[in-house]
Amino acid sequence: MDDSKRIQMQLDKHSTQIAKLFSKIDDTNDKIQKIFNMLNQIRYFIYGGFAYFIASEVGMFNLLKLVA
């Protein structure tokens, strides 16, 4: 009987530790997703800056002539 109580206590501790770890994994995944979104925003900001630079250097009408 004593061994079964000890094993049950260990099982309960392991279950709570596993639950905490899965919670931390979810938090980490959320943070990674936020970082990914920020990097996408930076990327599109750079694309927009590059497009603005090209449009201002070449001129809008010349740019439209190149595209068409």
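List of remarks:
- Test for Lys65: is it free of Cβ contacts under 8 Å to residues at least 12 places away in the same chain, surrounded by fewer than 10 Cβ atoms within 10 Å (Cβ to Cβ), in a helix (DSSP H, G or I) and not acidic (Asp, Glu): no
- Of all the criteria given as (1) over 30 Å from Leu64 (Cα atoms); (2) surrounded by 10 or more Cβ atoms within 10 Å (Cβ to Cβ), the one not satisfied by Phe53 is (1).
Bear in mind these aren't lab numbers, they're just calculated from the coordinates by the rules spelled out. Everything numeric in this text was worked out from a predicted model, so none of it was measured. Glycine gets a Cβ as well: all are built from the backbone with ideal geometry, and neighbour counts include every protein chain shown.
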